[in-house]
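As structure tokens, the structure follows; a few thoughts come after it.
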Amino acid sequence: MKLIIQIPCYNEEKTLGLVLSELPKKLDGIDIIETMIIDDGSSDKTLEIAKKYKVNYVVKHIGNKGLGNSFKTGVEKALLEGADILVNTDGDNQYPSKYIKDLIKPIVDKESDFVIGDRQTSKISHFSLIKKILQYVGSFMVRFLSGTKVPDSVSGFRAYSRECLLKLNVTSDFSYAVDTLVQAGSKRIKITAIKIQTNSPTRPSRLFKNIWQHIYKTTSILFRTYSMYNPIRLFFVFGSIFFTFGVIIIGRFLYYYYLNPVDTGKIQSLILAAIFVIISVQFFALGIVGDLIAKNRKLIEDNLYYSKKQYFDKNKAL
């Protein structure tokens, strides 16, 4: 069984050497361990350090294309090189390499196809209270919408089986974490979480300028991905909210009309109710149309899975 450890990098010269030096050389159930760097347009000595530590594969982006594209590039390269398991970790030494053996064990034992390292964010000392709360709320929303039980939805410390990689499709340039998790939930991929502890931070996050930008981007990805795979549920929720308000307002109008049939002063309520009902009908219609598109998407992704499997199996390195 072949394991490739993937490290997306953007100007990680200060910490990459430490990360590479601590990677495991031998693991139970694994015959070959290889390393891969995805250099996302670094302007420092990241590539020199990768060569110094004799990284097996170095893939370089011309310009900074984002974490999502780096992950996608790494997945394609790993599949071509015949990886049975892909581990993704960070170049900033956030995730201790000692947990890689625990991360891959459920896949080696064929108990899972997708394993995520739970950072136990409520116990991370350098996280502010507001960040801990937002992490909890965000992970709860992802669990609810994806139908999974992953406690740390944005953790980048992950392991994937080859089969899982073939089924997932990255659609976001910003980050792949939420996107792939919602997909995995909708495709009934077996997901497992293991508890880990993180190292002390070596630098601020480069994914976002502040916590509010992170909330905005993550929420937009979550909404878009969920609407792609579960549109009827999403739009029917919105439609039901507007329909309920419309019915309540109509009930109010009928109540006052019953008390005083000649009083036409409440006609504005009826107009407002009609607007709410019309909006709800539009949401219901969007849900039905979206569901038809989602069914078509499933057929396309099924065909894409078989095409990818055939291509990567045919062209993978021996």
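The values are calculated or read from the model by the stated rules, or taken from the named source; none is laboratory data. Bear in mind that the values here come from a model prediction, so they are computed numbers and not experimental data. Cβ sites come from the backbone with ideal geometry, for glycine too, and all protein chains shown count toward neighbours.
Can you pull out the residues in the stretch 1-59 that are of a type in the set (S, T, N, Q), without any contact (Cβ under 8 Å) to a residue 60 or more places away in the chain and either surrounded by 22 or more Cβ atoms within 10 Å (Cβ to Cβ) or not in a helix (DSSP H, G or I) (or both)?
Hits for the stretch 1-59 are N11, T35, S42, S43, T46, N56.
Can K309 be described as more than 30 Å from S128 (Cβ to Cβ), touching a helix residue (DSSP H, G or I) at 6+ places or on another chain (Cβ under 9 Å) and modelled with pLDDT under 90? If you could, list the steps in order and put the result at the bottom.
On the way: more than 30 Å from S128 (Cβ to Cβ): yes; touching a helix residue (DSSP H, G or I) at 6+ places or on another chain (Cβ under 9 Å): yes; modelled with pLDDT under 90: no.
Spelling it out, it is not the case that K309 is more than 30 Å from S128 (Cβ to Cβ), touching a helix residue (DSSP H, G or I) at 6+ places or on another chain (Cβ under 9 Å) and modelled with pLDDT under 90.
Please indicate, with yes or no, whether at least one residue in the stretch 223-246 is assigned to a helix (DSSP H, G or I) and over 39 Å from the mean Cα position of the chain (by Cα). Walk me through how you get there before you give the answer.
Of the stretch 223-246, the ones assigned to a helix (DSSP H, G or I) are 223-229, 231-246.
When the remaining residues are screened for being over 39 Å from the mean Cα position of the chain (by Cα), the result is none.
No: the stretch 223-246 contains no residue that is assigned to a helix (DSSP H, G or I) and over 39 Å from the mean Cα position of the chain (by Cα).
Give just the number: which of (1) surrounded by 22 or more Cβ atoms within 10 Å (Cβ to Cβ); (2) in a loop (DSSP other than H, G, I, E, B); (3) at pLDDT 95 or above does N93 not satisfy?
Only one criterion is unmet by N93, namely (3).
Here is a yes/no grid of residues against (1) touching a Pro at 6+ places or on another chain (Cβ under 6 Å); (2) more than 30 Å from V277 (Cβ to Cβ); (3) at pLDDT below 90:
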| residue | (1), (2), (3) |
| --- | --- |
| F157 | no, yes, no |
| L168 | no, yes, no |
| F174 | no, yes, yes |
| I196 | no, yes, no |
| F208 | no, yes, yes |
| Y216 | no, yes, yes |
| T225 | no, no, yes |
| M228 | no, no, yes |
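Consider the stretch 148-180. How many of its residues are of a type in the set (A, V, I, L, M), within 20 Å of G66 (Cα to Cα) and either in a loop (DSSP other than H, G, I, E, B) or without any contact (Cβ under 8 Å) to a residue 60 or more places away in the chain (or both)?
Count: 5.
Can you confirm whether R252 is without any contact (Cβ under 8 Å) to a residue 60 or more places away in the chain, within 25 Å of S175 (Cβ to Cβ) and surrounded by fewer than 18 Cβ atoms within 10 Å (Cβ to Cβ)?
no
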